[in-house]
Every structure is written in structure tokens, then in C-alpha cells.
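Shown next, in C-alpha cells, is the structure this report addresses.
Bear in mind that the values in this text are calculations on the coordinates, not laboratory data. Values in this document were obtained by computation on a predicted structure and should not be read as measured data. Glycine gets a Cβ as well: all are built from the backbone with ideal geometry, and neighbour counts include every protein chain shown.
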Amino acid sequence: MNRINRYLNPIERLGNGENSFFLPLIANISLSILSEMYAYGIAHNPMIVGMYIIFLNAAFIIYFSFRDGVLGGFISAIITVLYYFYIIYTRHYSGQQFTAGVDTTIMLGLIYLMLALIIGWLKQTIDKLIGREANEKIWLQTIMQQLAVGVIITDNKGRIVQTNKQLEHILGMKLPLGFHMGRDSNPLFTTMDNKPKVPAQSTFYQTLKTNKPVVGREFSIQRKDGKNLVVQVNSSLIRNKKKKVIAAASIISDITQQKELERQKDDFLSMASHELKTPITSLKMFIDLQRQQLEEKNSQKAKYFNERIGDQANRLKELTNDLLDVSRIQTNKFRFNSEEFDIASVIHDTVEGLQGTTKGHEIFIKGAKNQQVRADRYRIYQVLVNLLSNAIKYSSAGKKILVEAKRDKDEIIVSVQDFGIGISKTQQEKIFERLYQVTDTQEKTFPGLGLGLYISKQIIERHKGKIWVKSTKGKGSTFFFSLPLRIPKG
Ligand code: ADP
């Protein structure tokens, strides 16, 4: 039924630009044949063809001009005129009757053609306008769906008339069309600004509802799935030619990550300056003391101050090296010098070096025998230093630290175990992220920039190895890393 309606109803067909040639042709010829059959077959009076056919033809011309444009109207008009001439010819008109018939046919023909032209032209113009509008709508919708930001179009009352997929993605669910911003009190997410009693009164909804343009307003939102977001809203008003506001278009951008990065950057800057301040202040203090001591020629004390200066200068060097490594990783300039070496010897060197820095801990080595790897010796040493210094730093109570190297098929797995403060399950995945530090009250007291494990992870992964941790809060942690072994061929 619907298809027939779409096929025959000229209004339904407006805008699709599909104008048929054959339908008006066949329909008008059929009408003429039926009219002839009626005159000869039913009425038995050929002269009966008169007024009724004029009306029927006019109706056909109007219908086909409206359905198929100028062409449809013209075809109908021409067939009608030809049929009238056929009638004049077959009814053997003569004299005045003939002249009157021809005159009337020519006049009617002209009227029919005019009718076809005017209605057909109107229909084609409407077709073009509707088609253009439909195209614009399709373009607009396609562009809207492709945008990386969420879009909400509301009418001048604040009811949603259009949204896009990205908005659904940001908000975690679809805002239904017709949803009334600023009135519907059953919102699909909670806005956390000022904790309004009726959620629809929150400034987020109000912003999308009002008739004022909005630039860069930020809102905290909690989605139904519990995720907290920071979104930025920019709205502009859509006016008609008479400058009356008819709708508002709002762009919703998810800036949670950007905010988090900004926060990290700020934290990092304050931490980096804090970390750098400590060794610099100490350096300055020891240099001053040493100068005094040198003036008093007490060489024993001067030696002690010299050592402290050395320690603090080393700490400064480590901090700046870490910062440099991170910037190299970020800019893809982190390079390695590969060589073949025995990992056991690096473990021994590192443990020996670090044992000297702590009096409270004893570091034991287990199972590290000659195991050849092909890697950057200095970088692997750097990873071991990181893991061991963390083990020392985060286990002031536990005295023992175990370092073990175990072969597992084609890899060597190195572990560093401490019996210190441990790391909770939720933090374990995050500690390898750049700048990540556990910020529980217990950990807050430890110095550091949260870069060591991040750099270590980059080094190990670039050697096609893995790094991970097993830990129980309050009991201690074991950090592991694996490296492919260099197995002699044959
Ligand atoms: P930092 O400079 O803060 O030590 P790291 O990247 O080396 O940076 O470590 C990241 C975080 O992981 C630390 O801030 C700390 O909270 C946690 N962490 C690392 N090693 C240990 C460990 N052995 N025991 C407990 N926590 C640790």
C-alpha cells in the first residue's frame, strides 16, 4: 500500500526528481482507447465523445504535470490533441463543424500546453528546492557524525532535536531526541557542579537550554557507569533571517585526559623543582662549610664534606639523567648500544655498588651464573639500579633484599625482592606509567619523580623483554624482568 502511494501520489514523489516518460504516454493512450471503446461499444454513439473527455484529459494533464514535470504534462497534452484530431477525422466532420473542431482543438491544445508548462515547472522547482534541502541535511548529518566532538542541537525551547554518535560515546549513553534540557528531571548522568537539588537545574543543562552563546565552559560529569569526566561546552545560537533564535548548537568535548595531563605537568614541575632543590641546597651548604673548613685547615672534616658534595652532585646527575631519558623516549631518540655480555656480571657489579650506599640492608644474590644476553649493558645496569634503589628506598623496615636470576627456556628472568611497604593491587599496573607515584600517606614521604620504573619498562620492552611486579601491601614486593637469552647456534 505504501509503495503504491509512493508511486502514484505526486506529493509523496516531490523531491526525488524521478520523472517518468512512459507512464504518462501509456496512461493517455489508454484513456483515448477507453474513450473510443465507450463511444462505440457501450454508448453506440461516436458523437458522444465530448465534454466528459475534455475534463478527463485536463485532469490527466494536471496530474502528470504534477507527477512527472513539464515532460509528463507535454506528453499528456500532445496525446490529447492528437486524439482530438483523430476524432475530427474519424467522425467525418465537414464544413463549419470541421473548422470549429480544428479551432477548438488548437485552442484547447494551447491551454493544455500552458497548463503543463506552468504546473510542470512549479513541480520541478519544488523538486529542486526539496532536493537541495535534503542534500544539505545529508551533508550536515554526515559531517556531524564524523566529528570528533559531541554535538547537541536544541530547539529554542531547549528540546534536543539532533545529536551525534560521539556525544553518545562521551556521555556513555544516548540522549533521547525531545529530551528537554533544563526541565526533564530524569537525567542520564549527574553533573557535579554545585550539586543542584534538581539535576535539571544544574548549570550544564541550563547552559544547553539558554539563549546565550557559551564559550569554553567546563563541567564535571559523572556518567551512569561511574566514570568521572570533565567536558567543555561551546554553544552558539542559530537564528532565522529575522534574527529570531530558532535553535542552539552545542559542541561537547571530553577534556578529561587533557586536564589530567595538565595536572600531571603541574605536579611534575613542582616535584621536579622540589627534588632538585634538596641536592642543590645541600651542595651549597657543604661547599660553604668546606670553604670554612679549608680556611681552618681541618682536612678530615673537609674530606667528609667533599664526600657529601659528591653524593648530592650524583643525586643531581641521576635526576637530570632521568629527565633527559624521558625526553629522549618522548621524542623517539632513545638509542641503545647492543653488545653481548654476561648478565650475572652486571648483577654482581650493581649489587656491589648499591650495597655500599646502604648500611641498613643486606643484598643477597641467588642463582646468577654465566648467562649471555645481547643488550645495552649500561641500560640493563640502569634498570637494576632502579629496582634495587627502590627496594632499598621502600623497605626501611625490612633488612633483606634478594636478587635472583633464573633461566626459563630462551629467557633469563631477573627478580629483585624486598620486604618493605609493598604496593596495593590497584596501584601495581599504574606504577610503570610516566610520572606515576603512589600517593598514600605512607609513600608521600619518599623522594622521587615517578620516572624510574617508566624508564625501566621502556628499556626492557625495547629489548623484547617484559617487566612486572608481584606485591602484597605491607609485606613487600618482587619486581621481575625478562630478557631473551643469546643462545649459541649449533
Ligand atoms: P620514584 O622515583 O617515585 O621511586 P619509580 O618509577 O621508581 O619512581 O616508582 C614509582 C612508584 O612505585 C613509587 O613512587 C612507589 O610508590 C612505587 N614503588 C616502586 N618500587 C617500589 C617498591 N620496591 N616497594 C614499594 N613501592 C614501590
Per the rule of 0.36 nm per residue minus the C-alpha distance, extending Lys157 to Lys174 adds in nm 4.1 nm
Length gained if Ile26 through Phe336 is fully extended, taking 0.36 nm per residue and subtracting the Cα-Cα distance, is 103.3 nm
Pull up the DSSP beta bridges for the stretch 263-416 and report the antiparallel fraction as a percent, rounded to 5.
-> 65 percent
Whose amide H sits under 5 Å from the amide H of Glu411, counting only residues 5 or more places off or on another chain, with H placed in the peptide plane?
-> Leu485
Rg/Rh of the chain (Cα atoms, Kirkwood Rh), to two decimals, equals 1.37
Hits in the stretch 1-41: amide N under 14 Å from the 7 Å Cα→Cβ extension of Leu129, namely 14-15
So if we plug the beta-carbon distance of Gln292 and Leu140 into 1/(1 + (r/R0)^6) with R0 = 60 Å, what FRET efficiency do we get, rounded to 0.05?
-> 0.15
How much space per residue, in cubic angstrom, does the convex hull of the C-alpha atoms of the stretch 339-484 take up?
-> 101 Å³
When only C-alpha pairs under 8 Å and at least 6 residues apart count, what is the relative contact order of the chain, in percent?
-> 8 percent
Only Lys, Arg (+1) and Asp, Glu (-1) charged, at Cβ; the stretch 260-330 dipole about Cα centre in debye = 400 debye
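Might you report the magnitude of the Cβ-based charge dipole of the chain about its Cα centre, with Lys and Arg at +1 and Asp and Glu at -1, to the nearest 20 debye?
Values: 67 positive and 45 negative charges, 222 e Å.
Magnitude of the dipole: close to 1060 debye.
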Kindly count the pairs of lysines across the stretch 260-330 whose alpha carbons are less than 19 Å apart, treating pairs on different chains or eight or more residues apart as eligible.
-> 5
Apply the Karplus parameterisation 6.51 cos²θ - 1.76 cosθ + 1.60, with θ equal to phi minus 60°, to every residue of the stretch 127-133 and state each ³J(HN,Hα) to the nearest whole Hz, in sequence, with x for glycine and proline.
-> 3, 4, 4, 5, x, 5, 5
Could you tell me how many degrees, from 0 to 90 and to the nearest 10, lie between the Cα long axis of helix 22-37 and the main elongation axis, the longest principal axis, of the Cα atoms of the chain?
-> 20 degrees
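By its C-alpha gyration tensor, with a ≥ b ≥ c as the square roots of the eigenvalues, how is the stretch 23-74 shaped: rounded for a/c under 1.5, else prolate for a/b larger than b/c, else oblate?
It comes out prolate by the Cα gyration axes.
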Quick one: helix 452-462 against the long Cα principal axis of the chain, what's the angle to the nearest 10°, folded into 0 to 90?
-> 70 degrees
When the charge dipole of the chain is computed with +1 at the Cβ of Lys and Arg and -1 at the Cβ of Asp and Glu, the Cα pointing farthest to the positive end, of Ser270, Ile26, Gly310, is that of Gly310
Per-residue [θ]222 nm for the chain (sum of -39500 (n - 2.57) over DSSP H runs n ≥ 4, rounded to 500) | -17500 deg cm²/dmol
